[in-house]
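The values are calculated or read from the model by the stated rules, or taken from the named source; none is laboratory data. Quick caveat, the model's predicted, so the values are computed rather than measured. Cβ placement follows ideal geometry from the backbone for every residue including glycine, while neighbour counts extend to all protein chains displayed.
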Amino acid sequence: MNAEIKTGIIFGGIIIVVIIFLAVLFIGLDESASINQDSGIKKAPNLVGISHYLNISSEELTKKMDNKVILYDIWTYSCINCIRTLPFITSWDEKYSDQGLLIIGIHSPEFEFEKDPQNVKIAIKKYGITYPVVMDNNMETWKAFENSYWPRKYIADHEGNLRYDHIGEGSYQETEKVIQQLLNERSIALGIENISENKLVTIEEFEHTLFRTPELYFGYKFAQNRNQLGSNEGFQPERIVKYSEPNNIELNKFYPIGNWKNHEDSMQLTEAVGSIIVSFDAKEVNIVTKNNAQLEIFLDGVALTKKYAGSDISFGNKMDVSNAGMYNIINSETSISHTMEIKIEGKGFKAFTFTFG
């Protein structure tokens, strides 16, 4: 065999080996891609950075999560959108907890006062929450879920695979059908009787108006990139500002009057009396506040009447605020457009945000 033929055979052998190697490599990659595509469902992340466990201990919760269909509800107690979902969630807990559903409320705070476990305990008692609530004060579990919204619901099957994701209010029937489906899958997998009913929870949903005033933030950091403060004095970080009465009032803007200190997340009244004016378009008006004060409400210069009085108006057109949280001022069956003035008595009163429905 001459040298040229020998070299050709060796070279051809090398080419064949390379081709076989590449074929095996690509087949492996194809199989890997197929597996990833087929398994495209993500596992629910672990609960991390939890500062407090309410209604349960961490050890009990870990044991309870085993082989359960789990609904993770990311919420915070001063968020009106979160609060509107709670009647459905507590009803599902009552209906399905004995059938393999575990609901975990992941309380991820928007404001500093929502990090206080006593405040959260008051809220879970108020809303009849008996399922476990974990306090995610540093938003670590929020980040683990790659979340950006309040409220948000994830549902994992009994093997820990995330099978459902819903942002905001609504889709309650769709969500409950997913719960029923995953409980049925669990029953089959574990060889137990499925006793769930097809009948769905029926609760009247809040109907939002198509056009309404957006959420208005009092804190200079929270209000960044939003033109919501109508006063000429504007935001002045960490300073006490004397806000004067406005000459003109624009829709969807708020106007504090009196001496208010500007904080990142709020404004704080630094004298005994002050007021806030806002022109709005909505069915519902809520305010998130902290510290003791008495609020007197006027619409277009006239004392608030029973017709539009919110659930937290205690007598006449007045409302006492104490616990840090959300208070309902206006409640109407249809959308209304008015200029509202809130006269405040209570040095140290803090206002965080107005929300509208």
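Details
- Among the residues listed as Ala303, Ala293, Ala324, Ala309, the single one being in contact with a Lys or Arg (Cβ under 8 Å, 6 or more places away or on another chain) and assigned by TED's automatic domain parsing to the domain that holds Pro246: Ala324
- Within region 215-263, the residues that satisfy the criterion of being within 21 Å of Lys343 (Cβ to Cβ), assigned to a loop (DSSP other than H, G, I, E, B) and touching a residue at least 40 places away in the same chain (Cβ under 8 Å) are Phe218, Ile249.
- Candidates Gly346, Gly357, Gly310: the one that is in contact with a helix residue (DSSP H, G or I) (Cβ under 7 Å, 6 or more places away or on another chain), farther than 16 Å from Gly219 by Cβ and small (Gly, Ala, Ser) is Gly357.
- Total residues in region 337-357, condition more than 26 Å from the chain's Cα centre (by Cα), assigned to a strand (DSSP E or B) and not polar (S, T, N, Q): 7
- Test for Tyr131: is it of a type in the set (Ser, Thr, Tyr) and either free of Cβ contacts under 8 Å to residues at least 60 places away in the same chain or not assigned by TED's automatic domain parsing to the domain that holds Ser57 (or both): no
- Among the conditions (1) among the aliphatic types (A, V, I, L, M); (2) under 27 Å from Lys199 (Cβ atoms); (3) in a helix (DSSP H, G or I), Leu61 misses just one, which is (2).
- Check on Ile203, over 22 Å from Leu86 (Cα atoms) and either touching a Pro at 6+ places or on another chain (Cβ under 7 Å) or not assigned by TED's automatic domain parsing to the domain that holds Gln99 (or both): no
- Single residue of Ile56, Ile89, Ile35 found to be under 30 Å from Gln181 (Cβ atoms) and at pLDDT below 95: Ile35
- Scanning region 150-190 for residues that are in contact with a Leu (Cβ under 8 Å, 6 or more places away or on another chain), among the hydrophobic types (A, V, I, L, M, F, W, C) and closer than 17 Å to Pro87 by Cα gives a single hit, Ile179.
- Test: residue in region 236-248 that is closer than 27 Å to Asn81 by Cβ and out of contact with any Lys or Arg (no Cβ under 7 Å at 6 or more places or on another chain): no
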